[in-house]
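Bear in mind that the values in this text are calculations on the coordinates, not laboratory data. Note that this is a predicted model, so its numbers are computed, not measured.
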Amino acid sequence: MTCNTCGGAVALGSDHAGFELKEIVKEHLSERGITPLDLGTDSTRSVDYPDYARKVCEAVLNGTAEKGILLCGTGLGMSMMANRYKGIRGALCHDHFTAVAARSHNDSNVLILGGRILGADLAREIVDTWLDTPFEGGRHERRVSKFDE
Ligand code: RB5
């Protein structure tokens with residue numbers, strides 16, 4: 001389902017270690033007809049990943065974007081920072097299986113990728129799987145609702 005206010009935009013954020021893969025993911029989203037909202041960084045110059053996690057999480061929480069994708073070297077720092085935000089369900093995915101479960105079981109609204117771990121083809125496959133897999137609801141709804149209690 002596409003959100004009315006943001007038109008289904010996906011916010012993107014990375015640090016220097018995730019920058020190159022972010023550019024690949026951004027192009028891939030555009031090719032799919034999805035509006036990428038690129039919140040930086042804009043080069044491989046060293047920056048602090050929490051600053052970009054914050055930008056993307058705020059965009060998702062305030063409705064500027066429907067979903068977000070964060071990239072750093074390992075995905076770990078972005079994951080730790082993103083999941084400090086109530087309402088953000090950040091999922092660090094390394095493969096097809098975790099991308100499916102992140103959506104179908106966890107209703108993830110932020111995908112996190114490791115720029116120093118994933119090749120371009122696998123990253124594109126993970127992004128597609130994550131975008132195209134619906135939340136199953138049911139027992140998973142009950143569990144996910146406990147995150148923010
Ligand atoms: C940057 O060197 C690296 O620490 C960062 O990209 C990330 O992997 C942190 O979790």
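Annotations
- When only Cα pairs below 8 angstrom with a gap of at least 6 residues are kept, the range 67-114 shows a relative contact order of 53 percent.
- Most fluctuating residue given options GLY77, GLY18, GLY137, as computed from a GNM of the chain linking Cα atoms under 10 Å: GLY137
- Binning the alpha carbon pair distances of the range 57-149 at 5 angstrom intervals from zero yields the distribution 3, 15, 24, 26, 21, 9, 2, 0, expressed in whole percent.
- Set LYS26/LYS86; LYS55/LYS86; LYS22/LYS55; LYS22/LYS146 screened for pairs whose C-alpha atoms are more than 22 Å apart: LYS26/LYS86; LYS22/LYS146
- Of GLY114, GLY87, GLY68, the one that fluctuates the most in a GNM where the chain has Cα springs shorter than 10 Å: GLY87
- Ellipticity at 222 nm from helices only: DSSP H runs of n ≥ 4 in the chain, each -39500 (n - 2.57), divided by the residue count, give -12500 deg cm²/dmol.
- If the convex hull is drawn through the Cα atoms of the range 4-130, its volume per residue in Å³: 86 Å³
- Cα gyration tensor, the range 58-108 - rounded (a/c under 1.5), prolate or oblate: oblate
- Computed over the chain, relative contact order equals 24 percent, with contacts defined as Cα pairs under 8 Å that lie 6+ residues apart.
- Among LYS26, LYS67, LYS86, residue whose mean-square fluctuation peaks in a GNM of the chain (springs only between Cα atoms under 10 Å): LYS86
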